[in-house]
Amino acid sequence: MINNYSTNMNLSYQEEFDTNHKLETILVIDDSPTNLEILHDVLGGAGYEVLVEMDGVSGIEQVENNPPDLILLDVMMPKMDGFETCRKLQENPSTKDIPIIFITAITEAEEKVKGLNLGAVDYITKPFEQQEVLARINLHLKLRKLNLELDKQKQELEIRVKQRTFELSHALEELKKTQLQLVQTEKISSLGQLVAGVAHEVNNPIGFISTNLYYANQYIEDLIKLVNLFQQNCSNPGIEVEEQIEEMDWDHIKNDLPKLMSSMKLGTDTIKGIMQSLRNFSRSDGEKKKFVDIHEGIEATLMILQHRLKAYPKRPAIQVVKDYSILPQVQCFPGQLNQVFMNLLANAIDILEESIYCEDSAHNNIMIKNPEIRIATTIDRHQVTVKIADNGKGMSESVQNEIFQPFFTTKPEGRGTGLGLSISHQIITENHGGNLQCISSPGKGTEFLIQIPL
Ligand SMILES: Nc1ncnc2c1ncn2[C@@H]1O[C@H](COP(=O)(O)OP(=O)(O)OP(=O)(O)O)[C@@H](O)[C@H]1O
Ligand SMILES: [Mg+2]
């Protein structure tokens, strides 16, 4: 193992050494054997690897097969002259970056300009001055190395900029989502506080009325008894009393007053129930979970949604069918769970309203005559399960794959934020360690399963 590792180390070190000290290759294209010989000796002696070609056509071939680090190119050549060769090399993206130095006679100034315009980096004049040739070649090889390095850095920079931009836009997107979720949660919690405040304020006077009703009822019963006794024992109370009895319709009052009192009692009891439900619903959760009756939360939510379940001219009432098991108190964040019940039930009502006229899986138009929401609770050794099902139009697989994504909604703009299910999913899975599942298919309704571990 260690040996292998050290061999690899040596190898990669060797490779690195080779690349750093690879001989730089210079291709000389010139039709004069004398020139070729001189340049071969000078460059070879300076430590370069030298390739030679005697015309433009084979020169280009050589460049393509075995790209050199620099090209020395004669101008006057048979078959294809230096300018044409240079133009061809410049046209080809894979060879255009190899620096070309023209070899030209000292008198031909026009040619030098032409060569430079064609993309050559420099020129050297015949007869050669050895030191000058080497100095120019050295300079251009260095420039080329720097250029290559620069290109590499530019590419790396571009990749990094792209990566950063992607990361930043992703982070921004996340931030926007979190912000909206926070706003939503904040709205719900301040609504909860308002509701709790109102419930608290109404609670005192209603308690006062309901307690006094109890005594008022007793006093009234006593008074009726007393009047009855008077009537029995005083058969002739006088004309004034008899007229009054007649005028106020005492017989009717005697019968109606107890009924009136009991309906007032019923009214106050109902208000007390509603207030209790509101308080249950808007329970603010502290840091710690509490043991609560889950059915209470479901009932409170149904009570708040009562007005949406009633019949409307356009649709029949939505029936709520309950199948509750006997459940122990469950440790949870009750306010958050109520929020989940609210989201699931409101979605079910929305879809039932939308589905009164809809298509079944075979694209037949059908009408749902008895819109229904079924709520069932069950318990086993590990968990409590709440099922909330509707007989609405259900959803396609592609919709089902998206429903827990924040901001996914099929509702018209302004009607749905698309946050209900994503927040519910987060509450059940992250805050309660449970599961929220959806089972649905087009025309077959939808069932949501909430599982909370015990
Ligand atoms: N019971 C259901 N039956 C059919 N589709 C449903 C049901 N519940 C949810 N959906 C689909 O899931 C989508 C997302 O629901 P979600 O509650 O997250 O957002 P929303 O209801 O559109 O908006 P809001 O933020 O107001 O709740 C809905 O737009 C709807 O297409
Ligand atoms: Mg919703």
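The values are calculated or read from the model by the stated rules, or taken from the named source; none is laboratory data. None of the values given here were measured: they were computed from a predicted structure. Because the Cβ atoms are built from the backbone with ideal geometry, glycine has one as well, and the counts that use them run over all protein chains shown.
So here's what we get for this one:
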read-out	value
Tabulated pairs, the range 175-196, first over 15 Å from residue 419 (Cβ atoms), second of a type in the set (A, V, I, L, M) and at pLDDT 75 or above, C-beta under 9 angstrom, 6+ apart or interchain	195/278; 195/304; 196/278
From the options 390, 380, residue that is among the charged types (D, E, K, R) and within 13 Å of ligand 1 (Cβ to nearest atom)	390
The range 376-412: number of residues that are under 30 Å from residue 182 (Cβ atoms), in contact with a strand residue (DSSP E or B) (Cβ under 7 Å, 6 or more places away or on another chain) and assigned to a loop (DSSP other than H, G, I, E, B)	2
Looking only at the range 110-132, and only at residues there that are among the polar types (S, T, N, Q) and touching a helix residue (DSSP H, G or I) at 6+ places or on another chain (Cβ under 9 Å), the one that is nearest to residue 44 (Cα to Cα)	130
Residue within the range 376-392 that is exposed (fewer than 14 other Cβ atoms within 10 Å of the Cβ), under 24 Å from residue 337 (Cα atoms), away from ligand 2 (no atom under 16 Å from the Cβ) and charged (D, E, K, R) present	yes
Enumeration of residues in the range 251-276 that are among the polar types (S, T, N, Q) and loosely packed, with under 13 Cβ neighbours inside 10 Å	255, 262, 263, 270
Residue under evaluation residue 301, criteria (1) under 30 Å from residue 384 (Cα atoms); (2) outside the structural domain of residue 350 (by TED's automatic domain parsing), criterion not met	(2)
The range 307-324: number of residues that are modelled with pLDDT of 90 or more, in a helix (DSSP H, G or I) and surrounded by fewer than 12 Cβ atoms within 10 Å (Cβ to Cβ)	0
Matching residues, the range 412-442, being surrounded by fewer than 14 Cβ atoms within 10 Å (Cβ to Cβ) and within 12 Å of ligand 2 (Cβ to nearest atom)	415
Search result, residues across the range 115-129 that are in a helix (DSSP H, G or I) and over 18 Å from residue 59 (Cβ atoms)	116, 117
Filtered residues of the range 413-440 (kept if under 13 Å from residue 402 (Cα atoms), part of a helix (DSSP H, G or I) and in contact with a strand residue (DSSP E or B) (Cβ under 9 Å, 6 or more places away or on another chain))	421, 425
Candidate set: the range 393-411, residues that are away from ligand 2 (no atom under 15 Å from the Cβ) and surrounded by 17 or more Cβ atoms within 10 Å (Cβ to Cβ); chosen: the one nearest to residue 450 (Cα to Cα)	394
Criterion violated by residue 112 - all others in (1) out of contact with any Leu (no Cβ under 9 Å at 6 or more places or on another chain); (2) in a loop (DSSP other than H, G, I, E, B); (3) buried (at least 16 other Cβ atoms within 10 Å of the Cβ) satisfied	(2)
Residue in the range 433-445 that is of a type in the set (S, T, N, Q) and more than 13 Å from ligand 1 (Cβ to nearest atom) present	yes
